[in-house]
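To start, the structure itself, in structure tokens.
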Amino acid sequence: MNEPATAIEAAVAASPLHQLKDELDIVIPTIRNLDFLEMWRPFLQPYHLIIVQDGDPSKTIKVPNGFDYELYNRNDINRILGPKASCISFKDSACRCFGYMVSKKKYIFTIDDNCFVAKDPSGKAINALEQHIKNLLSPSTPFFFNTLYDPFAEGADFVRGYPFSLREGVSTAVSHGLWLNIPDYDAPTQLVKPLERNTRFVDAVLTIPKGTLFPMCGMNLAFDRQLIGPAMYFGLMGEGQPIGRYDDMWAGWCIKVICDHLGLGVKTGLPYIYHSKASNPFVNLRKEYKGIYWQEDIIPFFQQVVLPKDCTTVQKCYIELAKQVKEKLGKIDPYFDKLADAMVTWIQAWDGLNPTSASFSNGKTG
Amino acid sequence: MSLSIKDDEIDIVIGALRPDLTSFMNEWRTIFSRFHLIIVKDPDLKEELKIPEGFNLDVYKKPDIDRVVGTSTSTIFSGYSCRYFGYLVSRKKYIISVDDDCYPAKDNKGILVDAVAQHITNLTTPATPFFFNTLYDPFTEGADFVRGYPFSLRSGVQCALSCGLWLNLADYDAPTQALKPEERNSRYVDAVLTVPARTLMPISGINIAFNREVIGPALLPSLRLGGEGKFRWETMEDIWSGMCVKVVCDHLGLGVKTGMPYVWRNDRGDAIASLRKEWEGVKLMEEVVPFFQSVRLSREATTTEDCVAEVANVVKEQLGSKDPMFARAAKAMVDWVKLWKSVGSSTSSPGA
């Protein structure tokens, strides 16, 4: 699918100067190529890319000219983390979280290599990163639901009955975007509805209320690395693991529990990207099928998690979570034992590469 | 409109706060005319109602209200609360209620929104309060549950309440509208979503629908501001009622949806003039919200009436001493349950 250059150029001309150019990294996992970046060029070229190359490290991934980037393949990951590299998945896009760890920026935007620029109903090209930045830089409102959705959006506000003491909101840690065309369905749904396409443009951003879990998709996601980065571990997936396609889900349940505990916000809705290619549903089914059973136990686990008051940093919350995963989910399958250990390894690796962040408390940035 | 729902299962209840309903009824004619309507005239309204021909309706005025509930009780139905009388006397399964200053809206394609059909769709498809679906209503055409949504939660629960929205004059409070006098809502958000369990929200009475058989007694006239007036900026009765309803729904495992349908709300009134009256309501919410967030109902409360009675009790105990308005509200809730049991048609079957 080729987006006509004029729509994007028009959108770029209309948007403000590139925000957060020096404070944001774009993390892209890939095993094939980065051709999709051509379409994103006008929106993304000013930003630094972190490419995490999955699969065969001897293959060369060509990055389109003009992009400023650093690229890590499996050899680099092994070299940089040593034995701790065991927590980073192989042959699964979950490896992208290595990019979060090595970044030195405050914000991360991550996108899949089969996601293209979408158009809004007026035909205008959507600058997804710009919307993510808006979402992250404006407060969230997790304690009381606003029926007009994001009260900080242009042309909206808090409705009658919304307490004034809650109108300042809290810091936004995560911005979860959506997808037009191929929706993010699981394998069974894909098999039953192979032709379904998401054509509904829902013009809203909303805060996911405190105490409510959601399925977080990693295809079109941005977050404040300083507020929540250490909790964005995408788990053990892919080669040698009994499960796949639950990496972002796992991270999503962890970050939501921690954000709820620390008083941080998670938004979902705009921006949309255009998801062009559906993965093979039969392959997906084999990857997911254990997850489909396990999530029936995992969800109640996360819904009931209580983090102690003295967990005042993301790392402390995460280590505590790992402990509870081992205690309560370990009995479902030895996989969760391994995962709990990997969660701890991840934090050690994170702190090793990001020494100053260990002292941030209560989600406030230094 | 769902084929399994018959038109005669629906009542449209309109509270008339203004006498001339001609343009209101004519604007809604194509949507309302197949249904039975209950029009309740604000007992404080002196002028005669003007209603155009061609509708199947029952009109209730002060004398009718007095006759059914007695003259001392009829005062609870003053102002916007007059509609609750309609809920009380209705014998239908579904009720849809819009304010008399709202017209049908047009969607993004310029097509007139059939608010009744959308509310009925919302009420007759399951709600999903236990886990958030990022593609919003999974039962809508062209959507489904996303990857990662537990299969055991995909059958959902019964939807008891459908909260619609408003284009043009949004339901802002007076301070907000006074600060932004020109602001009008032009954003048509093409979504319906379930409000998660234990999440509270301001439920506006301007455009609302519910399953009367399941949740009827929980929509109630009880909190009346000292300076309550005839503009929405001067009331909190629906917000209070809505908090009760949500707590009861959460306890009984029922769903509440929000989003479409939109109605077009006409400009009316002066926010600045209403400012003084509504400050009272605005301040109240600071107490009301934390209170309702902390309410936990007992296992023994298995019917809507029981739940309402328990909430009333907790209101009396925890809020009654803070402001006489709350003590009065608690009493009004208890009286309402009694009234519902004697006048309203039986809804004592469990809500879930």
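Only the coordinates and a few stated rules stand behind these numbers; no lab work does. All figures in this text were calculated on a predicted structure; none of them were measured in a lab. Neighbour counts are summed over all protein chains in view; Cβ atoms, including those assigned to glycine, are modelled from backbone coordinates with ideal geometry.
So what's the gap between the Cα centers of region B:158-191 and region A:20-66, to the nearest angstrom? Distance between centres, Cα-based: 41 Å. Residues whose amide H comes within less than 5 Å of that of A:LEU178, counting only those at least five positions distant or on another chain, are A:GLY269, A:TYR272, A:ILE273 (H built at 1.01 Å from N in the peptide plane).
Whole-Hz Karplus values for region A:173-184 come out as 9, 9, 10, 9, x, 10, 9, 8, 6, 7, x, 7 Hz, taken residue by residue from phi with 6.51 cos²θ - 1.76 cosθ + 1.60 and θ = phi - 60°; glycine and proline positions read x. For region A:55-139, the Cβ-based charge dipole about the Cα centre amounts to some 200 debye (Lys, Arg positive; Asp, Glu negative; other atoms uncharged). Using the alpha-carbon positions of region B:96-228, Rg (one decimal) and Dmax (whole number) come out as 16.6, 50 Å.
Here's how it looks for A:VAL27: its modeled amide H is under 5 Å from those of A:ILE50, A:PHE109, A:THR110, A:ILE111, which are all 5 or more places away or on a different chain. Sorting B:320-329, A:90-99 by their mean Cβ neighbour count within 10 Å, with the most densely packed peptide first, gives A:90-99, B:320-329. Ordering A:PHE158, A:CYS95, A:PRO139 by the projection of their Cα atoms onto the charge dipole of chain A, which places +1 on the Cβ of Lys and Arg and -1 on the Cβ of Asp and Glu, puts A:CYS95 at the extreme positive end. This model, with +1 at the C-beta of Lys and Arg and -1 at the C-beta of Asp and Glu, gives region B:233-352 a dipole about its Cα centre of some 120 debye. When only Cα pairs below 8 angstrom with a gap of at least 6 residues are kept, chain A shows a relative contact order of 19 percent.
3J(HN,Hα) couplings calculated from phi for region B:134-147 with the Karplus curve 6.51 cos²θ - 1.76 cosθ + 1.60 (θ = phi - 60°) are, in sequence order, 6, 9, 6, 5, x, 8, 7, 4, x, 10, 6, 6, 8, 3 Hz; Gly and Pro show x. Dipole check for chain A: with +1 at the C-beta of Lys and Arg, -1 at the C-beta of Asp and Glu, and the Cα centre as origin, the magnitude is about 360 Debye. Sequence-ordered 3J(HN,Hα) estimates for region B:218-230 from the Karplus curve with 6.51, -1.76 and 1.60 and θ = phi - 60° stand at 7, 8, 9, x, 9, 8, 10, 5, x, x, 4, x, 9 Hz, glycine and proline given as x. Most simply put, region A:21-353 has about 40% antiparallel DSSP beta bridges, counting only bridges with both residues inside it. Region B:32-90 and region B:259-289 have Cα centres spaced 23 Å apart. Principal semi-axes of the equivalent ellipsoid, √(5λ) from the alpha carbon gyration tensor of region B:8-344, are 27, 26, 21 Å from largest down. Report, please, the projected area of chain A averaged over directions, based on the convex hull of its C-alpha atoms, in nm². The directionally averaged projection comes out at 18.2 nm². Projecting the Cα atoms of A:SER122, B:THR73, B:ASN313 onto the dipole axis of the protein assembly as shown, where Lys and Arg carry +1 and Asp and Glu carry -1 at the beta carbon, places B:ASN313 farthest toward the positive end. Per the Cα gyration tensor, the protein assembly as shown maps to an equivalent ellipsoid with semi-axes of 49, 27, 23 Å, ordered largest to smallest.
Note on B:170-177: average number of Cβ atoms from other chains within 10 Å of each residue's Cβ is 5. With unit charges on the beta carbon (Lys/Arg positive, Asp/Glu negative), name the residue among B:MET260, B:CYS244, B:SER298 whose Cα is farthest towards the positive pole of the charge dipole of region B:229-308. The listed residue farthest towards the positive side: B:MET260.
The DSSP beta bridges internal to chain B are antiparallel in roughly 40% of cases. Amide H to amide H, with H built 1.01 Å from N, B:VAL113 comes under 5 Å of B:ALA105, B:LYS106, B:ASP107, counting only residues 5 or more places away or on other chains. Averaged over residues, the count of other Cβ atoms within 10 Å places the peptides B:206-218, A:142-154, B:290-302, B:55-67 in the sequence B:206-218, A:142-154, B:55-67, B:290-302, highest first. The mean number of Cβ atoms from other chains found within 10 Å of a Cβ in peptide A:151-160 is 6, as a whole number.
By DSSP, the beta bridges lying fully in the protein assembly as shown are antiparallel in about 40 percent of cases.
Peptide B:198-209 has a mean shielding of 4, counted as Cβ atoms of other protein chains within 10 Å of each residue's Cβ.
Protection proxy ranking, highest mean first, for peptides B:336-344, A:223-231: A:223-231, B:336-344, where packing is the per-residue count of other beta-carbon atoms within 10 Å, averaged.
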